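The values are calculated or read from the model by the stated rules, or taken from the named source; none is laboratory data. In this text, all values refer to a predicted model and were calculated from it rather than measured experimentally. Cβ coordinates were reconstructed from backbone atoms using ideal geometry, including for glycine residues, and neighbour counts include every protein chain displayed.
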Ligand code: HEM
Ligand code: SF4
Ligand code: SF4
């Protein structure tokens, strides 16, 4: 299977970060939560800055200067933190966007998160613009004039903005409007967009690991002390600002006004936005079959509901007259076809019906639990050698057929989280000496929680657990991306050696 160059580059970057930060603190695995953390810094520092800030054309610049120079140790640091966290959030959002794109996590059922992410990005950018405006220095003046030109190109304003500046200049009322937007209007809209953005996901975590959060904060404080944020000269609408230092994270559109007419800039930004928003459908992705509930085998325990990463399952009152109180229902529009629910269902137990078709409470039509059991049985039967190993692998990670050989068989699953723990027991019972599960890289499951739930089930921390009769030393879990063949091969070698040792111990014990 060929990995596209964009994804290959991204995976290489991720591996490099894994070496530098470790998998738990790799910022590339926490870009969404890091963005939230940076928003917290922006909010707290923003509230602090609001107190000494003077919201008038006369007072704004002087109050910001006072904060920067007179109270540099507190208000000045707060100002710098506010600015640098705002810059950092653009970086984390763009990386988050790139990551979702490079790993193909923006199409199909994920269209909603992607589609709502795009306006979120613009909302952050416009929030930064109004922030720079409030300082009312030469840069703010440059933004004010540039924004007036941009807005005037829209039919609703048609020249009113510039006329306003030419006749009366920038007045206090307008300045207060900008302050209202920056302090209340835009943040509230942003919160609403973020809520929408993660609405279709379950168990959304908005906090990065503590170490990563503390490290990020310390780095921003150090940067704030080393290069404090400062204003440029005071705004003066009578004169043209001299050479300005542009914040390219937020203000990149304004220098374009020097070479392009505003209409063209609107066309460019609208074009990019529309293209980005339509990306999930370019080309449209075929919808995979979704999970199907079979009430005859469902006791309404709700474990599948707990484990579904995309909030596609709801629990409701029983409708079929069975003695159980509850049943579950799958919303086909929300279902990501990951199969994690099939792995969670206690009825997905291969020992339940020895010969007939194995039916379970919730199953995937494209790879039912019964198929997994048959694949396992056939794979074990075809193995030869001293250490027979079955490697279950997720379709979005390494292709496990690549590690197959006479004593090792690969069984591909939609997601490692769809593997019922009892199937591991079954594989061992059928004659396998060991079972390896290769899910996505740690902290980076294609289906959000598949590898995490699997590990928790194997560790006995989450239902359904791997029972004690499956000898733990004969089971191992590995995280791998498509490009991690060598790492998996190395782990397999170690696993074979461990199994050989177990065999030798057993033979010794039998002989004595
Ligand atoms: C304000 C900026 C943003 C924040 C704070 C943010 C945060 C988050 C968070 C916390 C998640 C859930 C991750 C998880 O638990 O698995 C998420 C998911 C997602 N985000 Fe964003 N996001 C932002 C902007 C964007 C943008 C600009 C895009 C792309 C246009 C985007 C695309 C996605 C997609 C596709 C998912 C779904 C991932 C999945 O289903 O596994 N986000 N985001
Ligand atoms: S297949 Fe995945 S997304 Fe669909 S209901 Fe099951 S756990 Fe939820
Ligand atoms: S896990 Fe299985 S038995 Fe439990 S509610 Fe879901 S489908 Fe029904």
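Residue-by-condition table, conditions (1) over 21 Å from residue 92 (Cβ atoms); (2) surrounded by 11 or more Cβ atoms within 10 Å (Cβ to Cβ):
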position: 221; (1), (2): no, yes
position: 248; (1), (2): no, no
position: 256; (1), (2): yes, yes
position: 267; (1), (2): yes, yes
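One line per residue, one yes/no per condition, for (1) more than 25 Å from the chain's Cα centre (by Cα); (2) at pLDDT 95 or above; (3) at positive phi:
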site: 427; (1), (2), (3): yes, yes, no
site: 443; (1), (2), (3): no, no, yes
site: 457; (1), (2), (3): no, yes, no
site: 507; (1), (2), (3): yes, no, no
(message) When the residues of segment 55-69 are narrowed to those that are at pLDDT 95 or above and loosely packed, with under 15 Cβ neighbours inside 10 Å, which ends up farthest from residue 229 (Cα to Cα)?
(response) 62
(message) Every residue in segment 447-465 that is in contact with a strand residue (DSSP E or B) (Cβ under 7 Å, 6 or more places away or on another chain) and part of a loop (DSSP other than H, G, I, E, B), please.
(response) none
(request) Examine segment 14-26 for a residue that is in a helix (DSSP H, G or I), more than 17 Å from residue 441 (Cβ to Cβ), more than 16 Å from ligand 3 (Cβ to nearest atom) and in contact with a helix residue (DSSP H, G or I) (Cβ under 6 Å, 6 or more places away or on another chain), and state whether such a residue exists. (result) no
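Yes/no matrix, rows are residues, columns are (1) in contact with a helix residue (DSSP H, G or I) (Cβ under 8 Å, 6 or more places away or on another chain); (2) surrounded by fewer than 22 Cβ atoms within 10 Å (Cβ to Cβ); (3) in contact (Cβ under 8 Å) with a residue 60 or more places away in the chain; (4) not assigned by TED's automatic domain parsing to the domain that holds residue 246:
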| residue | (1), (2), (3), (4) |
| --- | --- |
| 91 | no, yes, yes, no |
| 104 | yes, yes, yes, no |
| 108 | yes, yes, yes, no |
| 111 | yes, yes, yes, no |
| 115 | yes, yes, yes, no |
| 119 | yes, yes, yes, no |
| 125 | yes, yes, yes, no |
| 135 | yes, no, yes, no |
| 140 | yes, no, yes, no |
(request) Go over the candidates 334, 398 one by one and state the one that is within 16 Å of ligand 2 (Cβ to nearest atom) and either in the same structural domain as residue 419 (by TED's automatic domain parsing) or within 25 Å of the chain's Cα centre (by Cα) (or both). (result) 334
(message) So, in segment 337-371, how many residues would count as being under 29 Å from the mean Cα position of the chain (by Cα) and not in a loop (DSSP other than H, G, I, E, B)?
(response) 8
(request) Being exposed (fewer than 12 other Cβ atoms within 10 Å of the Cβ) and in contact with a strand residue (DSSP E or B) (Cβ under 9 Å, 6 or more places away or on another chain) is the filter here, so list the residues in segment 481-498 that pass it. (result) 494
